[in-house]
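A quick write-up on the structure given underneath.
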Amino acid sequence: MRLLSRHILRSLAAPFVWGLLALTGLLLLNSLARLIDTFGGKGLSVAVMTEAIVLHLPALMTLTLPMAILVAALYAYTTLAADLEMVAMYASGISVWKMVRPALLLATGVAALDFLLFDQIVPVSNTRLRTLQYDVERTTPTVALRAGELNRLPPSHTLRARTIDPETGRMRDVTIWDLGRYDGRRVIHADSGVMAASTDQLDLLLTLYDGEVLDLAGPDPTKVERTDFRVNRIRLGEIGKQFERSADQLERGDRELSGCELLDGISRLSWERDEGTRLREQLTRRDLRQLAGLAPLPPQPLPERPTFAPRCGAWRQVNRAVKAVLLPAELEAQAPVQAPQDTLRPRRDSLDPGGPADAIAQDSTRLAAPVESLAMPVRPDSVAMGGGFLVDPGQFVPPAAQDGLVSTIAEVNGARSSTRDAERRVREYAVEYHKKFAIPVTSFCFVLIGVALALKYPRSGIGLVIGGSLVIFLAFYILLIGGENLANKGVITPAAAMYLPVGVFSLIGLGAVTSANREMGTARTSSLVDVLRDLFRRRR
């Protein structure tokens with residue numbers, strides 16, 4: 001049996017490697033247009049383009065690994081069945097389940113590799129790719145001025161010249177619009193000029209001759225200031241800004257987080273969602289007591305944000321090791337600048353009895369009446385929600401009641417949007433977390449379905465390998481994306497959305513292999529094309 005297992009594994013190895021390379025190449029070609037649109041025309045080196053492609057590969061391989069195991073199972077078992085090797089194994093007392101065992105062993109290794117790639121490598125590569133895209137977007141290519149056209153020049157200038165000599169840089173009939181001034185606009189007209197680049201190739205130097213400057217500025221918008229000049233020199237900076245790497249990292253989304261970090265985010269966002277719900281309940285209770293003429297409830301202390309313990313335990317060390325290898329080192333924070341002692345010492349009169357400090361204390365005591373309300377926050381450690389603060393209604397001065405209600409529409413909408421945003425992000429994080437397990441597990445489903453199809457239609461050839469693999473994975477991908485959209489909208493739970501396609505394909509695969517095991521050695525169809533042809537004839 002070990003000899004047969006090694007023979008089946010060797011039959012699976014070659015088509016798996018070729019399938020992985022071919023499928024990854026096809027998906028990469030589909031993504032090259034977007035990469036070229038982002039990185040092209042910036043004067044970047046080949047190393048930067050290569051880095052962008054390499055950073056994009058891990059995300060593609062998370063999909064192509066299960067697809068490659070499906071292609072390998074279809075090709076290897078179709079070849080073995082067409083050569084009657086599977087029949088010989090079955091005649092020797094080896095069941096179909098034992099023939100599938102080597103493929104399931106290979107699927108176990110592929111699933112483990114896919115999970116490690118999806119959970120550890122992909123978040124880091126996506127983070128570096130986003131940072132690289134941000135750095136590239138800040139890079140300005142070297143300008144190429146065209147005669148008779150409006151040429152945009154950073155930061156806020158526009159130039160038009162009737163003629164431009166590309167060799168000497170001489171221009172005729174030049175007009176420059178400066179649209180970046182906060183107090184107005186400036187238009188420069190010149191009879192001729194010369195342009196040249198600075199020594200570092202970063203700035204554009206313009207020397208204009210015989211012209212005028214029109215300033216549309218000043219308190220009176222109907223007046224224009226006119227200045228004539230014989231020679232006017234202008235320096236425009238960052239025309240050829242070079243590519244620079246940023247040391248900081250951008251804020252990471254759900255696709256840039258590992259499974260442990262997603263669990264931490266779910267815990268934090270769940271607490272913010274619960275606090276938003278509590279705030280809405282307090283607003284409702286406060287308005288109902290106001291309408292009923294009841295006394296307001298006593299003020300309640302603001303909730304303290306709990307300290308969330310890191311999840312996953314020892315698996316965190318793997319995440320830290322991967323980040324240490326693939327991400328740049330974090331910059332050390334600088335020591336805060338100490339203010340002079342005199343600026344920190346309070347004024348003498350503010351500490352005298354009866355002085356301004358006592359007056360301020362009396363006013364604050366009089367304002368801090370125990371009335372349930374919501375206004376400006378008084379504590380800096382309030383919970384951030386929706387661009388504002390999640391605050392306790394019992395800590396603030398109530399606004400004037402309108403139509404018998406104390407709460408304003410801004411307070412209600414703020415609490416509602418904060419709760420809704422937190423709930424949406426919780427669902428997105430949960431979907432991404434379960435996806436890290438669902439996609440690798442599909443390797444087992446694809447093996448079962450591929451073996452069953454190969455044994456059922458052994459003479460279908462390469463058509464079954466290509467067409468069958470594409471149809472199977474397309475059906476699974478449609479179910480996965482559809483479930484993800486439904487889960488993000490809250491129609492179904494994230495776990496059901498991710499694992500339901502896996503369960504459906506697993507049941508289909510188990511039933512197909514069981515049927516193939518029962519029919520092995522009996523009547524077998526020659527190819528899938530013959531089956532479809534016979535079906536069409538019967539329909540006619």
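Hey, could you check region 149-169 for residues that are among the basic types (Lys, Arg) and loosely packed, with under 15 Cβ neighbours inside 10 Å and say which is farthest from ILE234 (Cα to Cα)? The qualifying residue farthest from ILE234 (Cα to Cα) is ARG162.
Scanning region 295-305 for any residue that is part of a loop (DSSP other than H, G, I, E, B), touching a Ser or Thr at 6+ places or on another chain (Cβ under 6 Å) and at pLDDT 75 or above turns up nothing. Taking the numbered list (1) in contact with a Cys (Cβ under 9 Å, 6 or more places away or on another chain); (2) over 30 Å from LYS435 (Cα atoms) in turn, LEU283 passes all entries but (1).
One residue stands out in region 454-472 among those that are surrounded by 21 or more Cβ atoms within 10 Å (Cβ to Cβ) and of a type in the set (A, V, I, L, M): the one that is nearest to GLU519 (Cα to Cα), namely LEU455.
Here ALA52 fulfils each of the conditions (1) out of contact with any Leu (no Cβ under 7 Å at 6 or more places or on another chain); (2) open to solvent by less than 30 Å² (accessible area, probe 1.4 Å); (3) over 28 Å from SER443 (Cβ atoms); (4) of a type in the set (Gly, Ala, Ser) apart from (1).
Which residue, of ILE449, ILE508, is within 19 Å of VAL100 (Cα to Cα), open to solvent by 40 Å² or more (accessible area, probe 1.4 Å), of a type outside the set (Lys, Arg) and in a helix (DSSP H, G or I)? Steps first, please.
Working: ILE449 fails: open to solvent by 40 Å² or more (accessible area, probe 1.4 Å).
When all the criteria are applied, what remains is ILE508.
Inside region 169-183, can you point out the residues that are aromatic (Phe, Trp, Tyr) and at pLDDT 90 or above? Full working, then the answer.
Of the residues in region 169-183, the ones aromatic (Phe, Trp, Tyr) are 177, 182.
Passing the criteria: none in range.
Name the single residue that is modelled with the highest pLDDT among those in region 184-203 being assigned to a loop (DSSP other than H, G, I, E, B) and surrounded by 14 or more Cβ atoms within 10 Å (Cβ to Cβ).
Step one: filter region 184-203 for residues assigned to a loop (DSSP other than H, G, I, E, B), giving 198-203.
The next check asks that each one be surrounded by 14 or more Cβ atoms within 10 Å (Cβ to Cβ); those that pass are 198, 202-203.
Details: SER198: 72, LEU202: 68, ASP203: 75.
Going through the qualifying residues, I end up with ASP203.
Contact annotation: residue pairs with Cβ atoms under 7 Å, 6 or more positions apart or on different chains, pairing a residue in region 478-503 that is in contact (Cβ under 8 Å) with a residue 24 or more places away in the chain with a partner that is open to solvent by 20 Å² or more (accessible area, probe 1.4 Å) and in a loop (DSSP other than H, G, I, E, B), are ALA487/THR493.
The values are calculated or read from the model by the stated rules, or taken from the named source; none is laboratory data. Note that the structure is a prediction, hence the values are computed from the model and not measured. Every residue, glycine among them, receives a Cβ derived from its backbone with ideal geometry; neighbour counts consider all protein chains shown. Side chains are part of the model used for accessible areas, which takes the heavy atoms of the whole protein and leaves out ligands, DNA and RNA. Shrake-Rupley method; radii C 1.70, N 1.55, O 1.52, S 1.80 Å.
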